[in-house]
Amino acid sequence: MSGTAVRVRRVPRKGAGPGLVAWLAGIVFFLPVAWMALTSFHSEKDAATNPPSFGAALTLDGYREFFGAGGGAGPWPSLINSTVASVASTLLVLLLALPAAYALSIRRVRKWTDVLFFFLSTKMLPAVAGLLPIYLFAKNAGLLDNIWLLVVLYTSMNLPIAVWMMQSFLAEVPVAVIEAARVDGARLPTVLARVIAPMALPGIAATALICFIFSWNELLFARVLTGVVAETAPVFLTGFITSQGLFLAKVCAASLVISLPVLAAGFAAQDKLVQGLSLGAVK
Amino acid sequence: MTATTTAPVAAPSVRTGRPRPSACLRAWATRAPLLPALIFMIVVTQLPFVATLVISFFDWNALYPDARRFTGVDNYRHVLTDADLRDSVWTTILLTVTVVLVSLLLGLLLALLLDRRFRGRGLVRTLLIAPFLVVPVAAALLWKHVLYNPEYGLLNGLLHYVGGPQPDWISGTPLLAVEASLVWQWTPFMMLIILAGLQSRDPQQVEAARVDGASDWQVFRHLTLPHLRRYLELGALLGSIYIVQNFDAVFTITSGGLGTANLPYTVYQSFYQAHENGLASAAGVLVVIGSIVIATFALRVVSSLFREEVNRG
């Protein structure tokens, strides 16, 4: 360690060593993803060689195979299902969490900390703890293999985090500004739309992003509760578990395509992700 | 940064004059926006758990629904004495603790590196975030087939170049194989939270300490680390919540074989394949009890977060 271990923001000091280590770490962590991307463009023959072939010819066969997988529509229905489940549940989460966060931060209800505790405590309840009754209910109600059941479950999965995040984002809106608008004669809807919404928008976007990611990634509920019609993309991917690497390029293409929405959203909104993941504890 | 502008209580009018009916009405008007979310959560999460609790006291195999009968705590006795199930409890603890601690430590180191200025810092952060953004099943498939495969996996491929051994990772060290893939996925998450903590540090404090002649290590030990405490706790808490429940990696990489079945996988298997509803429920309740242990720790963290929030005004 040189004498630069602590950086004072206003007086930036440069050290080549730590930067180099960071680059090395970045490359090591990214290597599997890069290798997955490269393999997805190889032919199956080149993908399955030892030692690995770095310079093999590139081809789109893996992607062609993936989109033609399972005959007929291939992975498209599962991608559409995942989109519906993730987008719809994210919207529903926002619809429920926004008023709740409003009541917990701006118009603080009595014992608001207890209420927040309750929301967060439901998150400590593992998914498996309610899986069986939900399965039995779905079976009896004829809701098995129904994408809207997943929408409801994903909403319950993300709602506590969303309420928590959003209340801390809304609490950031200065009360003085709200009061000033009220004094000027603005009614509640106007205050909400003109004052609170613009200031809380980045926080709302961060919340939505995280809800989307967790819904898109979810496997256990989707695996147990869907089948042919409502299969989601992660469930579709589980079809490759036993392929034993026979179709390596196809597996890589599939993994990459299905991760793409999350990768793109995450890369585009890195800062919001940081803010959201720390549950608004970071100001 | 704007913490000082937030008043602790925004609606004092509701809190005074409670006995009058109009005030009571207003209190309900205040509560109303909260109710949809609250009712939704109770119906979708609490009711099923109560049902799980009830089912856990029954001997109930889904294939023989007519033979269903009340057995008291037999299922729990069975779960706790069954060697396989006991193993899965142990596996869950081992998996969670290992993954959380290792990824927290790596995340801390990476965050400290990324908190410094160097060429291409933004790009390095982007590279580091990638593992967290790969869909968990896809990540597990990647590790299982593309990295661990003994014949043409990348790991053995790289070892081949340096003339190293060619181990069969998954059958040789199955739990370690699952843990490594999870550490790879969760380290970026820890790094992001800790990095956010580092960047919320008061630079003047550090500056003052340095002027007073504090060494790098002293600054880290006495300023940075105490400041990071709640971010480390938050990372550990959220990481534990998700890793205790991990299903994707265990299901995909080993299908619960070779002693890697954790409780969520065992619960899944006992009702999805063995159709043992009662046993699965009892195991599920045990997962909850395990989570309560974590939750006790978690609530402490949460209250410390609250204290700071309430004191902000």
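The values are calculated or read from the model by the stated rules, or taken from the named source; none is laboratory data. As the structure is a prediction and not an experimental result, all values here were calculated from the model. Positions of Cβ are generated from backbone atoms using ideal geometry, with glycine treated the same way; all protein chains shown enter the neighbour counts. When the accessible area is computed, the model is the full protein with side chains, heavy atoms only, and any ligands, DNA or RNA have been set aside. Shrake-Rupley method; radii C 1.70, N 1.55, O 1.52, S 1.80 Å.
Just need a number here: residues in the range B:191-223 that are free of Cβ contacts under 8 Å to residues at least 60 places away in the same chain and either of a type in the set (Val, Ile, Thr) or more than 8 Å from every other protein chain (Cβ to nearest Cβ) (or both).
Of the residues in that region, 17 qualify.
At least 2 residues that are free of Cβ contacts under 8 Å to residues at least 40 places away in the same chain and either within 11 Å of chain B (Cβ to nearest Cβ) or surrounded by fewer than 20 Cβ atoms within 10 Å (Cβ to Cβ) (or both) in each: list the helices (runs of 4 or more DSSP H) lying fully within the range A:183-283 that qualify.
Helices (runs of 4 or more DSSP H) meeting the threshold: A:197-217, A:233-238, A:248-268, A:270-277.
Looking at A:248, A:273, A:277, which one is modelled with pLDDT under 90 and either touching a His at 6+ places or on another chain (Cβ under 9 Å) or within 19 Å of residue A:76 (Cβ to Cβ) (or both)?
A:248 is the lone residue from the list that is modelled with pLDDT under 90 and either touching a His at 6+ places or on another chain (Cβ under 9 Å) or within 19 Å of residue A:76 (Cβ to Cβ) (or both).
Go through the range A:100-118 and report how many residues are under 22 Å from the mean Cα position of the chain (by Cα) and either free of Cβ contacts under 8 Å to residues at least 40 places away in the same chain or more than 13 Å from residue A:165 (Cα to Cα) (or both).
Residues flagged as under 22 Å from the mean Cα position of the chain (by Cα) and either free of Cβ contacts under 8 Å to residues at least 40 places away in the same chain or more than 13 Å from residue A:165 (Cα to Cα) (or both) within the range A:100-118 amount to 0.
Please tell me if residue B:195 is more than 28 Å from residue B:228 (Cβ to Cβ) and of a type outside the set (S, T, N, Q).
no
Tell me whether the range A:69-76 contains one or more residues that are over 25 Å from residue A:215 (Cβ atoms) and at pLDDT below 85.
yes
Could you list all residues from the range B:269-284 that are facing chain A (nearest Cβ under 7 Å), under 16 Å from residue B:79 (Cβ atoms) and out of contact with any strand residue (DSSP E or B) (no Cβ under 9 Å at 6 or more places or on another chain)?
Within the range B:269-284, B:271, B:280, B:284 meet the criteria.
I'd like to check something: does the range A:127-134 contain any residue that is modelled with pLDDT of 85 or more and surrounded by fewer than 22 Cβ atoms within 10 Å (Cβ to Cβ)?
Among the residues of the range A:127-134, at least one is modelled with pLDDT of 85 or more and surrounded by fewer than 22 Cβ atoms within 10 Å (Cβ to Cβ), which makes the answer yes.
Out of the range B:136-157, which residues are out of contact with any Gly (no Cβ under 9 Å at 6 or more places or on another chain), farther than 18 Å from residue A:216 by Cα and small (Gly, Ala, Ser)?
Residue satisfying the conditions is B:157 alone.
Quick check on this structure: which one of B:165, B:174, B:226 is touching a helix residue (DSSP H, G or I) at 6+ places or on another chain (Cβ under 7 Å), more than 9 Å from chain A (Cβ to nearest Cβ) and more than 30 Å from residue A:131 (Cβ to Cβ)?
Criteria check complete, one pass: B:165.
Please verify whether the range A:130-142 includes one or more residues that are closer than 22 Å to residue B:35 by Cβ and hydrophobic (A, V, I, L, M, F, W, C).
no
Give me the residue from the range B:105-119 that is without any contact (Cβ under 8 Å) to a residue 60 or more places away in the chain and within 7 Å of chain A (Cβ to nearest Cβ) and, out of that set, surrounded by the most Cβ atoms within 10 Å (Cβ to Cβ).
The extreme case among them is B:113.
Could you list, in sequence order, the residues of the range A:50-68 that are within 14 Å of chain B (Cβ to nearest Cβ) and within 21 Å of residue B:138 (Cα to Cα)?
Within the range A:50-68, A:52, A:62, A:66 qualify.
Which count do you get for residues in the range A:49-70 that are open to solvent by less than 40 Å² (accessible area, probe 1.4 Å), out of contact with any Pro (no Cβ under 9 Å at 6 or more places or on another chain) and of a type outside the set (Ser, Thr, Tyr)?
Looking only at that region, the number is 3.
Listed residues B:178, B:183, B:211; which is open to solvent by 10 Å² or more (accessible area, probe 1.4 Å), among the β-branched types (Val, Ile, Thr) and in contact with a Ser or Thr (Cβ under 7 Å, 6 or more places away or on another chain)?
B:183
Could you list, ordered by first residue, the pairs with Cβ atoms under 6 Å in which the first is in the range B:145-160 and more than 7 Å from every other protein chain (Cβ to nearest Cβ) and the second is charged (D, E, K, R), at least 6 apart or interchain?
Going by the 6 Å Cβ cut-off, the qualifying pairs are B:150/B:168.
How many residues, within the range B:265-278, are over 25 Å from the mean Cα position of the chain (by Cα) and not acidic (Asp, Glu)?
The number of residues fulfilling the criteria is 5.
Looking at A:206, A:176, which one is at pLDDT below 90, farther than 30 Å from residue B:284 by Cα and in contact with a Phe, Trp or Tyr (Cβ under 9 Å, 6 or more places away or on another chain)?
Within the list A:206, A:176, the selection yields A:206.
Which of the residues spanning the range A:82-116 are of a type in the set (A, V, I, L, M, F, W, C), open to solvent by 20 Å² or more (accessible area, probe 1.4 Å) and within 7 Å of another protein chain (Cβ to nearest Cβ)?
A:96, A:115, listed by residue number.
Exactly one of (1) more than 13 Å from chain B (Cβ to nearest Cβ); (2) more than 24 Å from residue B:153 (Cβ to Cβ); (3) modelled with pLDDT of 90 or more is unmet by residue A:22. Its number?
Going through (1) more than 13 Å from chain B (Cβ to nearest Cβ); (2) more than 24 Å from residue B:153 (Cβ to Cβ); (3) modelled with pLDDT of 90 or more one by one, residue A:22 breaks only (1).
May I ask you to verify whether residue B:92 is surrounded by fewer than 17 Cβ atoms within 10 Å (Cβ to Cβ) and among the polar types (S, T, N, Q)?
Taking the combined requirement at face value, the residue does not satisfy it.
Scan the range B:21-52 for residues that are open to solvent by 60 Å² or more (accessible area, probe 1.4 Å) and touching a Leu at 6+ places or on another chain (Cβ under 6 Å) and report the count.
1
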